[in-house]
1. Based on this model, can you work out whether ILE28 counts as out of contact with any His (no Cβ under 6 Å at 6 or more places or on another chain), modelled with pLDDT under 85 and among the β-branched types (Val, Ile, Thr)?
2. Which residues, counting only those in the stretch 49-81, are aliphatic (A, V, I, L, M) and touching a helix residue (DSSP H, G or I) at 6+ places or on another chain (Cβ under 8 Å)?
3. Among the residues of the stretch 37-67, which ones are assigned to a loop (DSSP other than H, G, I, E, B) and either among the aromatic types (Phe, Trp, Tyr) or under 29 Å from GLY78 (Cβ atoms) (or both)?
Amino acid sequence: MLAAKLYQYEQSKRDAELSKIYGEKGQIGWGYRIRTYTLQPYRQVKDERTGYKDGNVDAVLDGELSDFIDAYLRKRAGQSK
(Lines give C-alpha, C1' and ligand atoms only; values in the text may rest on other atoms or scores of the structure.)
Protein backbone atom coordinates (compact mmCIF):
# COMPACT_ATOMS: atom_id res chain seq x y z
CA MET A 1 0.00 0.00 0.00
CA LEU A 2 2.77 2.43 0.94
CA ALA A 3 4.76 1.52 -2.19
CA ALA A 4 1.75 2.31 -4.40
CA LYS A 5 1.30 5.72 -2.78
CA LEU A 6 5.00 6.45 -3.12
CA TYR A 7 4.92 5.42 -6.78
CA GLN A 8 1.86 7.62 -7.42
CA TYR A 9 3.57 10.57 -5.70
CA GLU A 10 6.76 10.17 -7.76
CA GLN A 11 4.71 9.80 -10.95
CA SER A 12 2.80 13.03 -10.24
CA LYS A 13 6.10 14.87 -9.60
CA ARG A 14 7.46 13.60 -12.92
CA ASP A 15 4.26 14.58 -14.75
CA ALA A 16 4.40 18.08 -13.27
CA GLU A 17 8.02 18.50 -14.38
CA LEU A 18 7.24 17.29 -17.90
CA SER A 19 4.24 19.59 -18.23
CA LYS A 20 6.42 22.52 -17.14
CA ILE A 21 9.00 21.64 -19.80
CA TYR A 22 6.56 20.89 -22.61
CA GLY A 23 3.94 23.48 -21.67
CA GLU A 24 5.79 26.23 -23.58
CA LYS A 25 5.48 24.47 -26.92
CA GLY A 26 1.87 25.34 -27.57
CA GLN A 27 -0.51 23.47 -29.76
CA ILE A 28 0.61 22.28 -33.16
CA GLY A 29 -2.10 21.96 -35.74
CA TRP A 30 -3.53 23.43 -38.92
CA GLY A 31 -3.10 27.17 -39.13
CA TYR A 32 0.02 27.34 -36.97
CA ARG A 33 3.17 28.28 -38.86
CA ILE A 34 6.72 28.37 -37.67
CA ARG A 35 8.21 29.53 -40.96
CA THR A 36 6.77 31.09 -44.10
CA TYR A 37 8.39 30.20 -47.42
CA THR A 38 7.87 32.72 -50.24
CA LEU A 39 9.23 31.56 -53.57
CA GLN A 40 7.62 34.06 -55.98
CA PRO A 41 7.76 36.98 -56.85
CA TYR A 42 10.73 37.23 -54.47
CA ARG A 43 12.51 34.52 -52.50
CA GLN A 44 12.45 34.66 -48.73
CA VAL A 45 11.99 32.50 -45.65
CA LYS A 46 10.62 34.17 -42.51
CA ASP A 47 10.47 32.71 -39.01
CA GLU A 48 7.08 33.76 -37.61
CA ARG A 49 8.20 33.37 -33.98
CA THR A 50 11.25 35.64 -34.16
CA GLY A 51 10.74 37.73 -37.30
CA TYR A 52 14.10 36.57 -38.68
CA LYS A 53 14.23 36.59 -42.50
CA ASP A 54 16.62 34.83 -44.88
CA GLY A 55 16.82 35.28 -48.64
CA ASN A 56 18.77 32.09 -49.30
CA VAL A 57 15.72 29.84 -49.71
CA ASP A 58 17.63 26.97 -51.34
CA ALA A 59 19.98 26.63 -48.36
CA VAL A 60 17.07 26.65 -45.90
CA LEU A 61 15.21 24.03 -47.91
CA ASP A 62 18.39 21.93 -47.88
CA GLY A 63 18.37 22.02 -44.06
CA GLU A 64 20.59 24.99 -43.18
CA LEU A 65 18.63 26.22 -40.15
CA SER A 66 21.44 27.40 -37.86
CA ASP A 67 20.59 31.11 -38.29
CA PHE A 68 16.95 30.41 -37.45
CA ILE A 69 17.96 28.40 -34.38
CA ASP A 70 20.30 31.20 -33.30
CA ALA A 71 17.54 33.81 -33.70
CA TYR A 72 15.12 31.69 -31.68
CA LEU A 73 17.62 31.13 -28.87
CA ARG A 74 18.47 34.83 -28.75
CA LYS A 75 14.80 35.74 -28.55
CA ARG A 76 14.19 33.17 -25.86
CA ALA A 77 17.15 34.49 -23.88
CA GLY A 78 15.81 38.04 -24.20
CA GLN A 79 18.63 39.33 -26.39
CA SER A 80 18.40 41.03 -29.77
CA LYS A 81 20.84 40.60 -32.63
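The values are calculated or read from the model by the stated rules, or taken from the named source; none is laboratory data. Note that the structure is a prediction, hence the values are computed from the model and not measured. All Cβ positions, glycine included, derive from the backbone under ideal geometry; neighbour counts span all protein chains shown.
1. On the way: out of contact with any His (no Cβ under 6 Å at 6 or more places or on another chain): yes; modelled with pLDDT under 85: yes; among the β-branched types (Val, Ile, Thr): yes.
So ILE28 fits the description; yes.
2. Looking only at the stretch 49-81, we keep the residues that are aliphatic (A, V, I, L, M), and these are 57, 59-61, 65, 69, 71, 73, 77.
VAL60, the sole residue that qualifies.
3. Step one: filter the stretch 37-67 for residues assigned to a loop (DSSP other than H, G, I, E, B), giving 39-43, 48-52, 55-56, 62-65.
Across the stretch 37-67, the qualifying residues are TYR42, GLU48, ARG49, THR50, GLY51, TYR52, GLY55, ASN56, GLY63, GLU64, LEU65.
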